[in-house]
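Inspection log for the structure reproduced underneath, given as structure tokens.
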Amino acid sequence: MGIRISPSILSADFGHLVAECERVAGAADWLHVDVMDNQFVPNLTIGPVVVEALFKQVSTPIDCHLMISDADKWAPGYAEIGAKSVTFHVEAAANPRQVARDIRAKGARAGMAIKPGTKLDDYEELFPELDMILIMTVEPGFGGQSFMSDQMPKVRRSREIIRDLNLDTWIQVDGGVAGATIAECADAGADTFVAGSAVYNKPDPVAAISELRASAQAATDASWWCSH
Ligand code: DX5
Ligand code: ZN
């Protein structure tokens with residue numbers, strides 16, 4: 001079972017963004033770009049103009065995590081400007097099924113994120129519409145927060161749904177994912193790992209990615225859900 005590491009550039013040096021992205025080229029499977037609007041979360045980052053410039057300059061595919069209100073209106077536009085994967089928050093969407101369909105219609109993978117306080121139960125029927133479910137393991141808004149182990153039951157439940165329905169939906173975890181926590185996520189069922197501070201705050205981000213990958217792969221190989 002293949003796993004994916006998606007470093008979050010939120011912890012990178014924004015003064016040298018393209019260089020910071022290229023620093024992990026070849027080591028990272030994806031690059032995670034956090035878009036925040038100071039409405040859905042109490043923080044503000046970059047919007048479509050800067051994100052589009054990144055798509056043009058960066059060789060690694062970009063996974064856009066939209067922490068913005070009114071996902072119905074804004075999410076498909078990120079697919080249009082070049083995101084290979086667009087993840088919206090279910091809490092910010094009036095019609096999440098339609099948002100996922102609109103993202104796919106623009107040619108990107110459709111991801112749906114849920115905050116720590118949001119129950120998965122109400123959204124299980126949406127899984128066939130999704131290429132990825134993002135289980136947040138911190139409150140969205142900032143890098144460098146502590147990992148929330150109490151979100152692992154949602155990862156486990158997601159894996160069960162995907163297995164039962166025989167889907168190819170990826171399960172992403174985001175927030176506090178690091179050397180000490182990534183195995184727990186993989187063991188629960190995650191296969192796509194965002195890591196910001198655990199990559200970019202390290203002296204050697206490429207080595208940090210390899211270490212994270214090795215831990216996640218070992219835990220996956222030994223997990224309840226991995227069929228070899
Ligand atoms: C937080 C963002 C994350 C953040 C993770 O809201 O969605 O992607 O960069 O940072 P770390 O890995 O440092 O917790
Ligand atoms: Zn994120």
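The values are calculated or read from the model by the stated rules, or taken from the named source; none is laboratory data. Computed from a predicted model, the values in this text were never measured in an experiment. We place every Cβ from the backbone using ideal geometry, glycine too, and count neighbours over all the protein chains shown.
Side notes on the structure shown:
- Residue under evaluation SER146, criteria (1) in contact with a Gly (Cβ under 7 Å, 6 or more places away or on another chain); (2) of a type outside the set (Asp, Glu); (3) within 13 Å of ligand 2 (Cβ to nearest atom); (4) not in a strand (DSSP E or B), criterion not met: (3)
- Entry remark, the range 1-37: residues being closer than 18 Å to GLY176 by Cβ and either within 11 Å of ligand 1 (Cβ to nearest atom) or surrounded by fewer than 17 Cβ atoms within 10 Å (Cβ to Cβ) (or both) number 10 in total.
- Sub-6 Å Cβ pairs linking a first residue in the range 144-155 that is free of Cβ contacts under 8 Å to residues at least 60 places away in the same chain to a second residue that is assigned to a helix (DSSP H, G or I), at least 6 apart or interchain, are MET152/ALA188; VAL155/ALA188, ordered by first then second residue.
- In the range 172-189, the residues that are acidic (Asp, Glu) reach residues that are part of a helix (DSSP H, G or I) with C-beta atoms within less than 8 angstrom, at least six apart or across chains, in these pairs: GLU184/SER149; GLU184/MET152; GLU184/ALA219; ASP187/ALA219; ASP187/THR220.
- Answer from LYS154, LYS202 - the residue that is surrounded by 23 or more Cβ atoms within 10 Å (Cβ to Cβ), out of contact with any Phe, Trp or Tyr (no Cβ under 9 Å at 6 or more places or on another chain), under 25 Å from THR220 (Cβ atoms) and not hydrophobic (A, V, I, L, M, F, W, C): LYS154
- Test: GLY176 is in a loop (DSSP other than H, G, I, E, B), in contact with a Leu (Cβ under 7 Å, 6 or more places away or on another chain), at pLDDT 95 or above and within 25 Å of ALA219 (Cα to Cα): no
- Check on PHE40, part of a loop (DSSP other than H, G, I, E, B) and within 18 Å of the chain's Cα centre (by Cα): yes
- If you go through the range 118-143 and keep only what is free of Cβ contacts under 8 Å to residues at least 40 places away in the same chain, in a loop (DSSP other than H, G, I, E, B), within 23 Å of LYS73 (Cβ to Cβ) and within 16 Å of ligand 2 (Cβ to nearest atom), you end up with just THR118.
- The set of residues in the range 209-227 that are small (Gly, Ala, Ser), farther than 14 Å from SER6 by Cα and in contact (Cβ under 8 Å) with a residue 40 or more places away in the chain contains only SER227.
- Test result for ASN43, surrounded by fewer than 20 Cβ atoms within 10 Å (Cβ to Cβ) and within 14 Å of ligand 2 (Cβ to nearest atom): yes
- Matching residues, the range 55-95, being among the acidic types (Asp, Glu) and either surrounded by fewer than 19 Cβ atoms within 10 Å (Cβ to Cβ) or more than 15 Å from ligand 2 (Cβ to nearest atom) (or both): ASP70, ASP72, GLU80, GLU91
- The set of residues in the range 173-210 being polar (S, T, N, Q) and near ligand 1 (Cβ under 10 Å from one of its atoms) consists of THR181, SER197, ASN201.
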